[in-house]
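Enquirer: Can you keep this structure in mind? I'll have questions shortly.
All of the numbers you see were taken from the coordinates with simple rules; none came from a lab. In this text, all values refer to a predicted model and were calculated from it rather than measured experimentally. Cβ coordinates were reconstructed from backbone atoms using ideal geometry, including for glycine residues, and neighbour counts include every protein chain displayed.
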Amino acid sequence: MQTQQAFEAGMHVRYGGNGICLIERVGEVPFPGDRPTRLCYVLKPLRNVSMEISVPLDNEALCAKMLPVRTKEEIAEMLSEAVRRDAMPWIDDRKLRNAEFRKILAGGDAESLLDMIRCILKQGALLKQNGKHLSTADDNARKDAARMLDEEFGFSLGLSAREAGQYICDSLKVEKEL
């Protein structure tokens, strides 16, 4: 079995909740199980360069999580689409909401992250009108999602994470902070 998308050492890819990663090398890596080594992509997340992720080339499910870095045009279209669609609905049950937010953060899908951020900001604005505020867990989920998008979009757009965050907020027509 071979991965559908061919990547090479030195390329950058998106890898789920790990964000942008550098493919440091492709080579044999010690692996637990029936084989002592497996041919793997060795990834270094930009946000944690001391971390190393080994993705076996013969594992289609894991290789499918490796995606090309988005282009400027793809990002502009994604932001435009996000503005046109309804924000995801707020989940009143705190445990279910936290589970959904954790799932979205772990998946690292930019469209889902954008929808989640918009949902949280909308709820935060409603609460603010009533003199209340978001829970710490909800605000932390928003911040984590924003960090992931700021990193990915900043990398693709050649902006700092801060500049990317402002670009995203301007495109979505939302305030950066509540």
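Enquirer: Are there trypsin sites (Lys or Arg not before Pro) in the range 1-68 that DSSP puts in a loop and that have at most 11 other Cβ atoms within 10 Å, and which ones?
Expert: none
Enquirer: Right, something else. For the chain, what is the relative contact order in percent, using Cα pairs closer than 8 Å and at least 6 residues apart in sequence?
Expert: Details: 253 pairs, mean separation 34.1, N = 178.
Averaging sequence separation for qualifying contacts and normalising by length gives 19 percent for the chain.
Enquirer: Mind checking which of V29, L46, C169 is farthest towards the positive end of the chain's charge dipole, using Cβ charges of +1 (Lys, Arg) and -1 (Asp, Glu) about the Cα centre?
Expert: Toward the positive end, the furthest listed residue is C169.
Enquirer: In the neighborhood of C40, defined by Cβ-to-Cβ distances under 15 Å, what is the net charge if each Lys or Arg adds +1 and each Asp or Glu adds -1?
Expert: Values: positive: R25, R35, R38, K44, K65; negative: E8, E24, E28, E52, D58, E60.
So the environment of C40 carries a net charge of -1.
Enquirer: Out of the range 68-159, which chymotrypsin sites (Phe, Trp or Tyr not before Pro) are coil in DSSP terms and have no more than 15 other C-beta atoms within 10 Å?
Expert: Details: sites: W90, F101, F153, F155; in loops: W90.
Here the chymotrypsin sites (Phe, Trp or Tyr not before Pro) that fit, given the DSSP loop and packing criteria, are W90.
Enquirer: Ok, one more. Considering the dipole of the range 72-172 built from charges on the beta carbon (Lys and Arg +1, Asp and Glu -1) around the Cα centre, which of S160, A141, N130 is farthest to its positive end?
Expert: N130
Enquirer: Which angle between 0 and 90 degrees, to the nearest 10, do you get for helix 94-107 versus the longest principal axis of the chain when only C-alpha atoms count?
Expert: Between the helix axis and the principal axis of the chain, the angle is about 40 degrees.
Enquirer: Next question, about the same structure. Among D109, D170, what is the fewest-to-most ranking by other Cβ atoms within 10 Å?
Expert: Fewest-to-most ranking of D109, D170: D170, D109.
Enquirer: Normalise the Debye intensity by I(0) for the chain, one equal point scatterer per Cα, no solvent, then take log10 at q = 0.09, 0.11 Å⁻¹ and round to two decimals.
Expert: Reported log10 I(q)/I(0), two decimals: -0.37, -0.54.
Enquirer: On a C-alpha basis, how far is the centre of the range 137-152 from the centre of the range 42-112 in Å? Whole number, if you could?
Expert: If we compute the Cα centre of each part, the gap is 11 Å.
Enquirer: Could I have the simple spin-label model distance between A125 and E28, label points 7 Å from Cα toward Cβ, reported in nm to one decimal?
Expert: 5.8
Enquirer: Need one number: convex hull volume per residue for the range 117-157, Cα atoms only, in Å³. Mind dumping the intermediate values first?
Expert: On the way: hull volume 2.3 nm³, N = 41.
That works out to 57 Å³ per residue.
Enquirer: Less than 12 Å Cβ to Cβ from K65, Lys/Arg counted +1 and Asp/Glu -1: what total charge do the surrounding residues give? Don't skip to the answer; put the middle values down first.
Expert: Values: positive: R14; negative: E60, D109.
Summing Lys and Arg as +1 and Asp and Glu as -1 gives -1.
Enquirer: Across bins of 5 angstrom width beginning at 0, how are the C-alpha pair distances of the range 72-172 distributed, in whole percent?
Expert: Values per bin, smallest distances first: 2, 13, 24, 25, 19, 11, 5, 1.
Enquirer: About its Cα centre, how strong a charge dipole does the chain have in debye, to the nearest 20, once Lys and Arg get +1 and Asp and Glu get -1 at the Cβ? Mind showing how you got there, number by number?
Expert: Numbers: 26 positive and 28 negative charges, 111 e Å.
Roughly 540 debye, rounded to the nearest 20.
Enquirer: Projected onto the charge dipole of the range 72-172 (+1 at Lys/Arg Cβ, -1 at Asp/Glu Cβ, origin at the Cα centre), which of L113, A99, V83 gives the Cα projection farthest towards the positive end?
Expert: About the Cα centre, the residue reaching furthest to the positive side is A99.
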